[in-house]
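One structure below.
The values are calculated or read from the model by the stated rules, or taken from the named source; none is laboratory data. It should be emphasised that the depicted structure is a prediction, and the values quoted were computed from it without experimental measurement. Glycine also receives a Cβ, built like all others from the backbone with ideal geometry; neighbour counts cover every protein chain displayed.
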Amino acid sequence: MSWPTQWLERGVRGAFWRLPAALREHLHGCRHAFVRGLRRRRVTRTAGPGEIGFAAFAATVLPTARAPLVIFEPHLDWFMAQPQRPHHMARALARLGCLVVYRTSGGEVAGLREVEPRVWLCSDAAVDTLPGAVRCFYSTSLHASADDLIAARRRGAVAYAYIDCIDPAICGGARQAARLRELRRAAFGGGADLIVSSARTLHAQALAARGARACAYVPNGVDVAHYRAAGATREAGEAGEAGGSARRRVVGYFGAIAPWLWFEAIDAIAARMPDVDFVFFGADYGGSLPRLSRRANVHHRGAIDYAQLPAAAAGFDVCLIPFRLGEIARTTSPLKLYEYFALEKPVVVTADPLECVGHRGVYVGDDPSSLERALRQALAVAGRDDLRAALREQAQAHDWAQRALQWLARVREACAASAGGEWR
């Protein structure tokens, strides 16, 4: 993407977010299509500091790298305020010794640049020629098509990350949903060596299509070390409060303010619990922010950078996952569940996020009355040493390092069993 094209995208983005919320929601699918069209153009700007061309990368980096080589096909930009599953998996795989090429179409790099040890941000299509790699496609990609996946399968191994149901509310409209269904159809039809599902419901769909040998269940995780800093912040806050007046209890949420939140239930429980503050950190997605309750005890603090998130959320007593009941909730593995565990906070969820139930410290409700009851129960045990220890242990068991080890083992098995032979 050239600099003029980047300026065009930024200008259109700024104009879009200044529109009324209802109009933004109506135009959300068009925005996704516009961004996708721009970002499929090749980067033409001059290389910046630390950026090298593909020839230099092939001559100097590849010969000294330890196998295996993992290529993340274009999905999300690397420099995001809130990293998502592909960012965490890329980092975790690199820490295990993999050489990771993270492809981007957002003008973040001209050529290739090492952004973290063994993680190379890349905009050069010449990486298509690299042999001996496994290429990762995400089910919610803004960029990938069925043809891209099929072409990648001809060049080597392919892993398809099935991380959400294909729903217009998630992927930006009916047109994008149709493209992503075609991508899924290609993966399920044999275009992927391995289908990696983040939720059991999605895994069941993959198993029905491909069988156990080509399918793996690898839910989301947490970078536990990133949240350890919150412990010192919390301890200092508790010590400061010990001699002062009692503060109001806080129920917190971080994540997108999005169509899949149960706004009516949020409003109802806020009305039932005027003695509790409900704090939301997150960006407006699809024009949903006006639907968030306007009650005096409901506070939206805006988007927050990942680096500041542990300290900001340390003040929560209880964490909330208020997903609307339905297929989106049933098929998601919320990143925030394990991040809440790393913060050592009890969690209240609505009934349909099935990946959340069955853990210690998780309380469930399926209507405002039962959600209030769950919140009262969670508030009663918040801060208890035994619960904090259990939550800390659960977070450690779901660290991204464990997820990356699972992923590597299953990819090797699937590639060894496929027609493409063993992945190095």
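A few remarks follow.
- Considering each residue of region 261-283 in turn, none proves to be in the same structural domain as ALA382 (by TED's automatic domain parsing), crowded, with 19+ Cβ neighbours inside 10 Å, at pLDDT below 95 and aliphatic (A, V, I, L, M).
- Filter result for ARG291 (farther than 19 Å from ARG330 by Cα, without any contact (Cβ under 8 Å) to a residue 12 or more places away in the chain and surrounded by fewer than 20 Cβ atoms within 10 Å (Cβ to Cβ)): no
Residue-by-condition table, conditions (1) in a helix (DSSP H, G or I); (2) over 28 Å from THR129 (Cα atoms); (3) modelled with pLDDT of 95 or more:
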| position | (1), (2), (3) |
| --- | --- |
| HIS143 | no, no, no |
| TYR160 | no, no, yes |
| CYS165 | no, yes, no |
| LEU183 | yes, no, yes |
| ALA186 | yes, no, yes |
| ILE195 | no, no, yes |
| ALA204 | yes, yes, yes |
| ALA208 | yes, yes, yes |
| ASN220 | no, yes, yes |
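- Residue that is nearest to the chain's Cα centre (by Cα), among those in region 118-144 that are surrounded by fewer than 19 Cβ atoms within 10 Å (Cβ to Cβ) and free of Cβ contacts under 8 Å to residues at least 60 places away in the same chain: ASP128
- Test result for LEU121, assigned to a helix (DSSP H, G or I), at pLDDT 95 or above and in contact with a strand residue (DSSP E or B) (Cβ under 7 Å, 6 or more places away or on another chain): no
- Qualifying residue in region 48-60 (condition: buried (at least 21 other Cβ atoms within 10 Å of the Cβ) and at pLDDT below 55): no
- Residue, modelled with the lowest pLDDT, within region 167-181, restricted to residues that are in a helix (DSSP H, G or I), in contact with a Gly (Cβ under 8 Å, 6 or more places away or on another chain) and of a type outside the set (D, E, K, R): ALA169
- The strands (runs of 3 or more DSSP E) falling completely within region 305-424 that include 2 or more residues that are buried (at least 21 other Cβ atoms within 10 Å of the Cβ) and hydrophobic (A, V, I, L, M, F, W, C) map to 318-321, 347-350.
- Long-range neighbours under 9 Å by Cβ, at least six apart or interchain, first residue in the same structural domain as ILE328 (by TED's automatic domain parsing) within region 177-195, second among the hydroxyl-bearing types (Ser, Thr, Tyr) and at pLDDT below 95: none
- Residues being within 30 Å of TYR285 (Cα to Cα), among the charged types (D, E, K, R) and part of a loop (DSSP other than H, G, I, E, B) - total across region 64-118: 3
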